[in-house]
Structure formats: structure tokens, C-alpha cells
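The values are calculated or read from the model by the stated rules, or taken from the named source; none is laboratory data. Because the structure is a prediction, the values reported are computed rather than measured. Heads up, the Cβs are rebuilt from the backbone with ideal geometry, glycines too, and the neighbour counts pull from every protein chain shown.
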Amino acid sequence: MNNLLIWPVALPLLTALLALLWPRRSNWIGVAGTGLPLLAVLLVSWQVAASGPLELALGGWAPGLGIALRADGLSVLMLLMSALVTMAVAVYASVYFAHAERRGEFWVLWLLLITALHALFLSGDLFNLYVTLELLGLTAVVLACLGGSRESLQAALRYLVLGLLGSLTFLIGVALIYAGYGTLDMAALGDAIVAGPTAWVALSLMTGGLLIKSALFPLHFWLPPAHANAPAPVSAVLSALVVKAALYLILRLWLELFDGVVTQAAAVIVGVLGAIAVVWGSWAALQAERLKLMAAYSTVAQLGYLFMFMPLLAALPEGAGRELALGALVLLALTHGFAKSAFFLAAGIIMQRAGHDRIAELGGTARSLPVTAFTIALAGVALIGLPPSGSFLAKWQMLSTLFVTGQWVWLPVIAVGTLLAGAYIFRLLGHAFAPGEGVGPSLSVGREEIPAVLLALIATLLLGFWASAVWELVPISAYAGGGA
Amino acid sequence: MMTMSVWLPVGILLSSFIPGVLIFFQPEERHRLRTLLNLLGALVKLLLVGVLIWGVFHEQVFETRWFLAPGLEFVLHADALSVLFVSLSTLLWLVTTIYAIGYLEQTPHRSRFFGFFSLCVTATVGLALAGNLFTFVVFYELLTLATYPLIAHKGSPEALRGARIYLRYTLFGGLLLMIGAVWLHTLTGGVEFVQGGVLDQFAELDRDLLRWIFLLLILGLGVKAALVPLHGWLPQAMVAPAPVSALLHAVAVVKAGAFGIVRVIYDVYGVEFAAELGVLSLLGAVAAITIIYGSVKALSQDHLKKRLAYSTVSQVSYIVLGAAILGPLATIGGLVHLVHQGVMKITLFFAAGNYAEALGIHRVSEMDGVGRRMPGTSLAFSIGALGMIGIPPVAGFISKWYLGLGAVEAGAAVWVLPVLIASSLLNAAYFLPILYRAWFKSPATPWPADKTAGCARELPDPLLWPPVTTAALALLIGLFAAAPYSPLEWAELIAGREYRQ
């Protein structure tokens, strides 16, 4: 059954080749190539939930020599998010790019992006992680400049340079690890790594590279222009998934590989940067005049919350308390993934209908596009962290962990961030529900509106009422030796 | 029986949630189907609540639990206190729905309005049935979300401004409540609502910590209960359509805050333990200030709905005052006022809406001689107003009587009785001039906008009957206060269960 693990990676790769060979049918191939891996991911998740972590040594070579794929609770959750979000976005994109000249290119890159994402979440060794990270970064950059405008090219160029800088730094860290410990297999490294100069330097380099990629303040400046100027389906996956991939790696490194090396001081530094990102990103979102730019700044802020978990996690001993906090982190990341992709898709619909996304001129949107306005409202509820969304539960548990660890200092940041998020979401809703002619005549519900609203419903209802599955999956780890 | 005890609370929530969601998808012009869905939901809910009342009276347990996350359970649980609030919301929702159908005829966005209206009631009923603090916080925030679109409904700049102010206050309040709730949750490992309170069992907890948490919870709840100085949103929110104001002031928002305060004092801290901590006297003082301040502000308002809004600020704090005085009689007075104020205030707002709808009257100074032109509405208004002043046999008298008795019993008569007397005098000072104008003056100027000139009846049935019905109800529950299942009897039942004698 372990052969299952190859399919979430192989299926999108094979269909990418098909799309390349057969560009006229690329719409169908693209949607099918996104849907088949979803089925594979569902099977993998079911297996992991039922019988624990899975491991597959490709070609029969033992880990250390060959390539190992591993699936545990954390990777399954990330895979599920990525497969579901890409599925919805692919349906949306089949309408969005229905008549675009460059749709052939889009679908090939799109399927490669999915391949890279899934491979990253399943990789069991550091070199593979580097390769997938690089592939992910490159496909994301090319997708981001498909918009073709001058701004999007400039933003994509900056994205490329910083992305390369990030992965290069990561690679140097990986090289140091190989020099120091003679292996790149993560399960073996979890036991081998001990606190010392090599470990510290390697960890700093790898983390630094990943922080650029996950746009933590003050390395966030490339994100808002890149995410705001890309075509809507691309923005959705960039904000929802691509930045999360870097975050996933940081979690793996900090909690499983370098568990004994990470110091509280380092965690606090990351936490402080996260806190600044929350306040600054939310404030910038409140000031933003364009819908997509607002959404992009909101991503900077939401990533900040995730990094604020680091000092909390570092202060907790391994056990139930830490799993609670880790589950809350993952739940927050998942909710944000679904809510933000829904938000960007809705913004894309408004932009296509109205021809602009200036917030102050959106009056009448709720009347002419009720489903899309509803999507924005639902996604907004999740971004603020109000019930019944998953982020409400996550924030509750985060506050609870705050009280347990006595790290009171973060409380005002969460409070201010929540209120600012409320302010920018309701400012937008106020404009959207006001009377006006902004968006033009009323049209029937479009095929592209359905995936957006489904994503928003997952964030606000499914993850709210069935969140306990997250806490059941997170403790299933393939790297149990990490803490020893 | 087993399954019914689990499904009944869920059914009560769904009976307004499902119609609400369905209504969102109805096109504007299908008003018959919409009306059918609305009324069907309201009647089913009434039926289910009837079963609930019977069951709780006979000490049956109704409980639904859903595991959400480690340490967090979504719990619906019906006790005597929930039943008091659930019945009030259900009954007044039915009446208000009928009124709203008449009031909003031929206006745009009705599907949106009734959708959110049903969600608003769902959230209120959820608050009433919440079985632990976590579930309460969930519904408290949902209520904010469901009410915002109702206040902003007209879409005019003033409506949007009022809604924005409402949101600013309530999001802030919700956040404080959540922080307090999480803190308490972390200290105790989960806070279920238990009659008589639970915190006195945690002897090892620092008393000062518990006082701070109490402050946080009350600040969070005080925003919706419109305690001074957190009341600023309420007069602004009166830009909403009349049925919304009626529901807001009688059942949904302000009552949610007051009900929450009652829950925290009785079923989380336990009233005796709260008194021991010394937090009740401060709350009592705030309530007294709010009662007087609201009445004084109401005096100077010429705008009718604004005068009623400040009157709400004042009247809701009677409930808080009753909760802040230790002793079963004061408890009864506060709890019974939860129902009495709702029935009387909804009458007043229905009447105010009718004046605006029929004759374009928005100000007290325009009401000269309106009694002869609109006798039904004005009679209802008068009964409500007399009840607010506390004149027997209208229901408001019963509340004030028990509050007074409770104050004497608790030895707090020195400051409570002057507050009650001053407030009653002030109530008389701002309500009696309205009644005088309506009944005894003749109209000096033409009506601002006479929309019913030449009609045989003063108003169509769906607008006239709701205030008349609720006014009659206010009279009946005052007259037959000692009858079985009356609000007073029920409040006595609760008080009996809350005090561990």
C-alpha cells in the first residue's frame, strides 16, 4: 500500500507532460490533472489516519542512499489543503483562462506547481526538499508574470531574485548538514543532530532562506506586489499554499530535526517579527485602496500569527500541551489557506466584472454578485477569527497557550490584530453592500463563483465544526525520534 | 425519550436557521413562499419550545454535545434560565416577523433582511441554550455578525454609520469577553454553566485573578447590555428599520448582554461566591448609574426612537441590578424584568414604527392628538409606557416591586430604593408628556407625511395587531403574575434553584 505515496506527485507530473503535448485540450487535462492527485491524497490521508505514518523508498534504495517519501499527520493535512484548494482553483481557472492565448502555458506550469508542492510535503530528505523548493519557486514566478502587465513583470522579477536568494541560502545550510553529519535523510538526522556550531549555522541559514520565502517581516516586501498583480487563480495559490510550503519546512526543521538546538531566544526573535508583521500587515491592509493589495497585506499579517506560535511552541515541553498549540497553528494555517484562496478568487470575479478592484468604488457589488459578496463575507469571518470559522478555535487555543506559558506579551498583539482585521474586512463589506453601480448589471451565478464559495465554506463551517480531526492527525509523526 | 433530549435543543436552533438559509436563496418577488417559510419556522419553534418548557419544568435533561477541539466542547443545554429566555425570544420573534412582513412590504432586499433576521434569532436562542462559556462566546459573536447587516439594511450613509459604530463597540466587547473566557477556561479546564455556580469549588485560585476575569467578562457583556459608559452604540443603532429596533431592544442584542451577565453571576461564579468576592457592589453601582443616566438622557430627546433607546439603556440595567443584589427576591425581580421589559419595549417600538409608517411622525413634538387618529396603536403605546413607569397592574410594576423587596431583604434599601423611585419619576417625566400630547392635545399642524388619509382603518392588520397583542400580553402577565407558568412563577423557580439553601 505504501506505493500510494508516489501518486500525488506522479499524476500531476504526467498530466503536465500531456498538457505540453496537447495544448488545445489543456483545459480538460489541467482540471483532470488536478482532480486525480486529489483522489490519491484522499487515499493517503485515509491510510495515515487509519494506520499511522507511511514511508516509501523509491526504487527500493534504502533511505540515505535513495529517495524517501514519507507521509505523516502534518504532511497529510498540508496535502489535503493543497489538493482541495488547487482543485477548486483549477475549476475556476478553466473559466478564467477559457479563451486566454496562454492557457496552454498556464496549465503546464500549474501542474508542475502541484507536483512541486506535493513532492515537498512528502519528501523525507533535505536535498529533495531543496529541489522541490526550487521547482516550486520557479513555477510560481513564471505563473505570477502570466498577467503580462509591466507591474506584474517587475514584481515577478523581484520575486524571482528573492526566491533564488532564499533557496540558495537554504542549500548552503543543507550542504553544511551533509558535511557535518554525512546524511540528508530527515529521520536519521533527527537523532543525529546535536547542539553545536555546525547545527546552529546550518539552522540559521536554512531558516533565513525559508523566512524570505514565507515573507516574514521585514523580508515581506516582495509579497504584496507579487501576489496582488498576478492573475487571480495564481494569487490564490501563491497566498494560500506557496508561502505555507516554506512555513511547513520551518516547522519540520524546528520541531523535528533541530528540536534540541532551537533556543528560546531564537524563537522569541521570530515571534517578535511575527508580531510586527501582524500589526503592520493589518494596518497596511486597512490603508490599501485595492482589493487584491488588501488581501496580500492580510496574508503578511496572517503569516505573522503563525510565526507568533514559535516562542509558544519552544516554551512547551513535548506532550499534550505542545500538540495542542501545534494543532492550533496548523488549523490557523489551513483556515487561512482556504479563506484566502476564496478571497482572491472572489476578488478576481469582481475584477473581471467591474474592470477594477478599487475598494471605494465597489458599491452595488452585493446586489449584482450576491454569491461573490457572500464569499467575501464568509472568508472575512475566517480572516478576522470569528466563529464558526476554524481560525476562531485556533485563536482560542492560542490564547489558552499564552495563559499556560505565561507569555502575556503577545496578548495585545493578538487583540490589536483581530480588531484591525475586523476593521479592514468590514470596511470592504461596507462598500460592497452600499448602493451603487460599481460592478455593472446583474448576471446569473457563474461557474467560477461556485468554487470560491465552497472554499470559503470549508474555512468557516467545515474547519469550525470538524476541527478535532486536525488535533487527531497532528500527533501522528513520522519523525518520532526528533525529540530524543 | 433519549434521542429527543439530545435533538430538541438542536431542533430549536434549526427551526430558525434552516428557514433563514432558504430565504437567502429566494428571489425578491416570491414573498408568499418567504412568508410561509418565516411563519412555519416560527410556529415550529414555538411548538418545540412548548415541549421544552414542559420537560424542564418536570426536571428532564435536554443536552447536546459536540466535541470541537481538545478541551473545547460545543454544548447546548436547557435549564430553567434558558427556558425563560428561549420562550421570550421565540414568542416575540413570531410577533416581530408578522410585523416585519407588513412593515417591509414593497421595499427592496427583503430576502436578505429576513435571512439575517432568522439568523439573528438563531444566535439569540443559541445564547439562551449555551451550556458552557465557550458556546456562549460563539453565539455572542454570531449575534454580532447577524445583526450588523440588519442595522445597515437601508444602506444610507446614516445606516452604515450606525452599523459601523455598533460593530466597533461589539467587536471590542466580544474580544474582551473572549479573553476573559479563555483565561477562566485555562484556569479551570472548562466552564460549564451549573446552577449555583462552579467557581467556589476552586479554592486554590487566586481571588484577585478571579476579580480581574469578572471585570473582563462584564466589560465584554456590558457592551451589548449597554451599561454606561459602553452604551454609545445603542442610540446610534436606532437608524435600523422599526422591526429590527424592536427585536434589538426587546430580545436580541441588549438582552443577550444582560442574560450573559446573569449567567456569569449565577451559573459561573455563583451569586453567593460573587458577593463574597465583593464584585457585585461595583456592578450594582454601575447598574444604578446606568438606570439614572439613561432616564435623564431620555428626558431631553425629542426624537421618539432615540427617547425609547435611552429608556432601554435605563431599563435593561434593572436586570443587572437585580442580579447584583444578593437574595432570591432581587433575583426574581431582575429575571422577571428580562421578560417584562422585552414585552413592553417591543410594544413601544412597534407603536413608534406605526406612527412613522402611517403619519410620518418621528418626533415627540409631532404627536399632538395622534391618539384619536390612531387609537389602537396609541392604546398599546400607553399600556407599554405605563408599564415602564411601573404603574400596576402592568407587568413593569411586578419587576419593580420585587426589586424593591429584594433590596430591603438584602439590606441595600438605602441606595436601591432611591434609585428605583428616582428612575420611576424620571420614567414618568419622559413618558407622561407623550401620553398627554397623544390623547389630550389636538393636532396643531398637519401630519408630516399622511400616508393613510382616507383609509377606513388606521393601519393594515400585520402592523396594528402586533403592538396590540404585546400590550395585552404586558397587561396579562402583570394581572396574572401568580398563575402557573407565568414569567414570575418561572423566575421564582429559577431563583429557588440558584440559591443553595
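Say we look at region B:145-157 and pick out the residues that are at the interface with chain A (Cβ under 9 Å from one of its Cβ atoms) and over 29 Å from residue B:10 (Cα atoms); which of these is surrounded by the fewest Cβ atoms within 10 Å (Cβ to Cβ)? Quick ask: steps written out before the conclusion?
To start, the set of residues in region B:145-157 that are at the interface with chain A (Cβ under 9 Å from one of its Cβ atoms) comprises B:145, B:148-149, B:152, B:155-157.
Retained after the next criterion (residues that are over 29 Å from residue B:10 (Cα atoms)): B:152, B:155-157.
Values: B:152: 25, B:155: 19, B:156: 13, B:157: 10.
Step by step, filter region B:145-157, then rank; the result is B:157.
Only one of B:86, B:75 is touching a helix residue (DSSP H, G or I) at 6+ places or on another chain (Cβ under 8 Å), over 19 Å from residue B:146 (Cα atoms) and surrounded by 17 or more Cβ atoms within 10 Å (Cβ to Cβ). Can you tell me which?
Working: B:86 fails: over 19 Å from residue B:146 (Cα atoms).
Answer to the check: B:75.
Return the only residue of B:119, B:142, B:160 being facing another protein chain (nearest Cβ under 8 Å), in contact with a Ser or Thr (Cβ under 9 Å, 6 or more places away or on another chain), of a type in the set (A, V, I, L, M, F, W, C) and in a helix (DSSP H, G or I). Before you say what the answer is, go through the steps one by one.
Details: B:119 fails: facing another protein chain (nearest Cβ under 8 Å); B:160 fails: in contact with a Ser or Thr (Cβ under 9 Å, 6 or more places away or on another chain).
Exactly one residue qualifies, and that residue is B:142.
Could you list, in sequence order, the residues of region B:166-192 that are within 20 Å of the chain's Cα centre (by Cα) and more than 9 Å from chain A (Cβ to nearest Cβ)?
Within region B:166-192, B:166, B:169, B:170, B:173, B:177 meet the criteria.
Please determine, by comparing only the residues of region B:129-139 that are of a type outside the set (Phe, Trp, Tyr) and at the interface with chain A (Cβ under 10 Å from one of its Cβ atoms), which one is nearest to residue B:225 (Cα to Cα).
Step one: filter region B:129-139 for residues of a type outside the set (Phe, Trp, Tyr), giving B:129-133, B:135, B:137-138.
Okay, now just the ones that are also at the interface with chain A (Cβ under 10 Å from one of its Cβ atoms), so B:135, B:137-138.
Working: B:135: 19, B:137: 15, B:138: 17 Å.
My answer is B:137.
Here are some residues: A:300, A:330, A:371. Which one is among the β-branched types (Val, Ile, Thr), part of a helix (DSSP H, G or I), closer than 15 Å to residue A:396 by Cα and in contact (Cβ under 8 Å) with a residue 24 or more places away in the chain?
Values: A:300 fails: closer than 15 Å to residue A:396 by Cα; A:371 fails: closer than 15 Å to residue A:396 by Cα.
When all the criteria are applied, what remains is A:330.
Please go through region B:194-209 and give me each residue that is surrounded by fewer than 20 Cβ atoms within 10 Å (Cβ to Cβ) and either among the hydroxyl-bearing types (Ser, Thr, Tyr) or part of a helix (DSSP H, G or I) (or both), ordered by number.
Taking region B:194-209 as the starting set, the residues that turn out to be surrounded by fewer than 20 Cβ atoms within 10 Å (Cβ to Cβ) are B:194-196, B:198, B:200-209.
Scanning region B:194-209 gives B:200, B:201, B:207, B:208, B:209.
Do we find that residue A:108 is buried (at least 24 other Cβ atoms within 10 Å of the Cβ), touching a Leu at 6+ places or on another chain (Cβ under 6 Å) and aliphatic (A, V, I, L, M) in this structure?
Criteria met by residue A:108.
Pick from B:137, B:191: which is among the β-branched types (Val, Ile, Thr) and surrounded by fewer than 23 Cβ atoms within 10 Å (Cβ to Cβ)?
Details: B:137 fails: surrounded by fewer than 23 Cβ atoms within 10 Å (Cβ to Cβ).
Answer to the selection: B:191.
Kindly indicate whether residue B:319 is of a type in the set (Val, Ile, Thr), within 21 Å of residue B:405 (Cβ to Cβ) and either touching a residue at least 40 places away in the same chain (Cβ under 8 Å) or surrounded by fewer than 18 Cβ atoms within 10 Å (Cβ to Cβ) (or both). First the steps, then the outcome.
Details: of a type in the set (Val, Ile, Thr): yes; within 21 Å of residue B:405 (Cβ to Cβ): yes; either touching a residue at least 40 places away in the same chain (Cβ under 8 Å) or surrounded by fewer than 18 Cβ atoms within 10 Å (Cβ to Cβ) (or both): yes.
Criteria met by residue B:319.
Of the residues B:126, B:50, which single one is without any contact (Cβ under 8 Å) to a residue 40 or more places away in the chain, of a type in the set (Gly, Ala, Ser) and either away from chain A (no Cβ under 14 Å) or crowded, with 24+ Cβ neighbours inside 10 Å (or both)? Reasoning before the result, please.
Working: B:126 fails: without any contact (Cβ under 8 Å) to a residue 40 or more places away in the chain.
The conditions single out B:50.
Go over the candidates B:453, B:444 one by one and state the one that is in contact with an Asp or Glu (Cβ under 7 Å, 6 or more places away or on another chain), farther than 20 Å from residue B:393 by Cα and part of a loop (DSSP other than H, G, I, E, B).
Numbers: B:453 fails: in contact with an Asp or Glu (Cβ under 7 Å, 6 or more places away or on another chain).
Residue meeting the stated conditions: B:444.
Here is a yes/no grid of residues against (1) at pLDDT 90 or above; (2) in contact with a strand residue (DSSP E or B) (Cβ under 8 Å, 6 or more places away or on another chain):
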position: B:48; (1), (2): yes, no
position: B:53; (1), (2): yes, no
position: B:57; (1), (2): no, no
position: B:60; (1), (2): no, no
position: B:67; (1), (2): yes, yes
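Given the conditions (1) touching a strand residue (DSSP E or B) at 6+ places or on another chain (Cβ under 8 Å); (2) over 30 Å from residue B:498 (Cα atoms); (3) not aromatic (Phe, Trp, Tyr), report the number of the one that residue B:107 does not fulfil.
(1)
Would you confirm whether any residue within region A:230-248 is crowded, with 21+ Cβ neighbours inside 10 Å, of a type outside the set (A, V, I, L, M), assigned to a helix (DSSP H, G or I) and free of Cβ contacts under 8 Å to residues at least 60 places away in the same chain?
No, region A:230-248 contains no residue that is crowded, with 21+ Cβ neighbours inside 10 Å, of a type outside the set (A, V, I, L, M), assigned to a helix (DSSP H, G or I) and free of Cβ contacts under 8 Å to residues at least 60 places away in the same chain.
Say we look at region A:255-265 and pick out the residues that are touching a residue at least 60 places away in the same chain (Cβ under 8 Å) and part of a helix (DSSP H, G or I); which of these is farthest from residue A:418 (Cα to Cα)? Break it down stepwise before answering.
Restricting attention to region A:255-265, the residues satisfying the condition of being touching a residue at least 60 places away in the same chain (Cβ under 8 Å) are A:255-261.
Add one more test, that the residue is part of a helix (DSSP H, G or I), and what stays is A:255-257.
Values: A:255: 27, A:256: 31, A:257: 33 Å.
Checked region A:255-265; the qualifying residue farthest from residue A:418 (Cα to Cα) is A:257.
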